[in-house]
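Read the structure below first, then the notes.
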Amino acid sequence: MKRSFTNFMFVLLLLANVALISSVFCASALAQTTAPAQTAATPPATPAAPVTDHAALEKARKDAQNPIASMISVPFQENWNFGIGAADRVQNVFNIQPVIPVSLGKNWNVITRWVTPIVYQPYAVPQASGPPLQTGAYGLADIEPQFYFSPKKHHTVTWGAGPIFLVPTGTPYRYLSQGKFGLGPTFVALAQPKFGTIGVLVNNIWSVAGHQDRPDVNQFYLQPFLNYNLKHAWYLSLQTTGITANWEKTDGRWVVPIGGGPGRVWKLGHQAVNVQTFFFGNVVHPKGASSWSFRMAFTLLFPKQPK
């Protein structure tokens with residue numbers, strides 16, 4: 001019965017993400033709909049000057065560095081976490097996290113962000129004799145829907161705040177789910193001076209329901225980030241995958257990754273994309289956990305079209 005339920009949730013969430021991403025493409029297609037056909041008396045439009053493309057890329061880069069920009073984006077993020085366990089295994093986490101802003105009248109937006117991880121989790125099975133059998137579990141892990149309420153008009157600091165949820169969708173449940181429903185506050189603030197972007201994202205999740213055989217969740221997350229812009233829409237990032245603390249533990253509570261890497265915003269045809277690569281070293285981590293990681297990210301950007 002549990003397996004049927006988790007399989008049902010897996011299919012349901014995949015369909016939900018397909019629907020979200022489909023809505024992104026539909027919204028982008030509508031936003032980019034061309035003006036009515038010109039009449040015979042209307043002269044042909046003058047091709048856009050190269051400076052216009054440069055300005056558009058600069059705007060796309062600025063919005064791409066803002067987690068709560070009023071822009072639809074679809075990030076695909078591949079993470080390899082190395083050095084797990086005595087056998088030095090590799091965990092793989094592929095995150096799909098569509099970001100969709102929704103207008104709430106004249107003064108506010110709500111930015112929705114669905115973090116949907118697909119995980120390969122290595123583990124060892126003890127044997128009656130000889131070394132443990134090295135195997136792993138692959139599937140959907142627990143998702144984290146996030147909602148940021150943010151004013152449309154900002155001054156020096158852009159900010160957003162709202163709820164974050166933990167939904168136990170992981171399957172197989174034993175290896176890929178915490179088995180708890182959770183919620184908590186999430187907050188992001190950033191400034192974008194001439195050199196780039198500096199900001200921080202922070203949240204905490206507490207479990208409120210779920211399986212009694214699983215430990216309670218009290219998880220802290222902190223992600224400071226700094227981007228330094230270069231020429232031709234390149235930039236350098238100094239950030240973390242997220243400093244985390246499991247407040248339910250007394251030993252091995254913290255994971256502190258530090259790292260960074262280059263990124264660039266460009267256009268593939270008419271589609272704006274943001275491409276990034278990062279290396280991170282976990283300067284603090286529990287025994288047996290990953291000591292370093294590598295990330296590649298590819299984000300589809302759908303900036304608002306001028307009216």
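The values are calculated or read from the model by the stated rules, or taken from the named source; none is laboratory data. Since the structure is predicted, the reported quantities are computational estimates derived from the model, not experimental observations. Every residue, glycine as well, gets a Cβ built from its backbone with ideal geometry; the counts of neighbours run over all protein chains shown.
Inspection of the stretch 213-220 identifies at least one residue that is surrounded by 17 or more Cβ atoms within 10 Å (Cβ to Cβ), touching a Phe, Trp or Tyr at 6+ places or on another chain (Cβ under 7 Å) and free of Cβ contacts under 8 Å to residues at least 40 places away in the same chain.
Being on the phi < 0 side of the Ramachandran plot, at pLDDT below 95 and of a type in the set (V, I, T) is a property that does not hold for T197. Out of the stretch 227-243, which residues are part of a strand (DSSP E or B), surrounded by 17 or more Cβ atoms within 10 Å (Cβ to Cβ) and among the aliphatic types (A, V, I, L, M)? If the condition is that a residue be part of a strand (DSSP E or B), surrounded by 17 or more Cβ atoms within 10 Å (Cβ to Cβ) and among the aliphatic types (A, V, I, L, M), then I243 is the only one that fits.
Conditions tested, residue by residue: (1) small (G, A, S); (2) outside any strand (DSSP E or B); (3) over 18 Å from E78 (Cβ atoms); (4) touching a helix residue (DSSP H, G or I) at 6+ places or on another chain (Cβ under 9 Å).
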site: A245; (1), (2), (3), (4): yes, no, yes, no
site: P257; (1), (2), (3), (4): no, no, no, no
site: K267; (1), (2), (3), (4): no, no, yes, yes
site: T299; (1), (2), (3), (4): no, no, no, yes
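Among the numbered conditions (1) over 24 Å from F298 (Cβ atoms); (2) at pLDDT 95 or above; (3) surrounded by 15 or more Cβ atoms within 10 Å (Cβ to Cβ), the only one that L140 does not meet is (1). T186 passes every criterion in (1) in contact with a Leu (Cβ under 8 Å, 6 or more places away or on another chain); (2) among the polar types (S, T, N, Q); (3) surrounded by fewer than 16 Cβ atoms within 10 Å (Cβ to Cβ); (4) closer than 30 Å to N66 by Cβ apart from (3). In the stretch 114-137, the condition of being surrounded by fewer than 17 Cβ atoms within 10 Å (Cβ to Cβ), modelled with pLDDT of 95 or more and of a type in the set (G, A, S) is met by at least one residue. Pull up the stretch 282-307, narrow it to residues that are surrounded by 14 or more Cβ atoms within 10 Å (Cβ to Cβ) and small (G, A, S), then point me to the one that is farthest from K59 (Cα to Cα). Across the stretch 282-307, the extreme among qualifying residues is A289.
Residues of the stretch 66-116 that are without any contact (Cβ under 8 Å) to a residue 60 or more places away in the chain and farther than 20 Å from L301 by Cβ: A87, D88, R89, V90, N92, V93, L104, G105, K106, N107, W108. Can you give me the number of residues within the stretch 93-150 that are over 24 Å from T241 (Cβ atoms) and aliphatic (A, V, I, L, M)? The number of residues fulfilling the criteria is 7.
Which of the residues belonging to the stretch 126-179 are more than 26 Å from G85 (Cα to Cα), outside any strand (DSSP E or B) and of a type in the set (S, T, Y)? Hit for the stretch 126-179 is T156, nothing else. Scan the stretch 112-121 and tell me whether some residue there is farther than 17 Å from V90 by Cα and out of contact with any strand residue (DSSP E or B) (no Cβ under 9 Å at 6 or more places or on another chain). Among the residues of the stretch 112-121, not one is farther than 17 Å from V90 by Cα and out of contact with any strand residue (DSSP E or B) (no Cβ under 9 Å at 6 or more places or on another chain), which makes the answer no.
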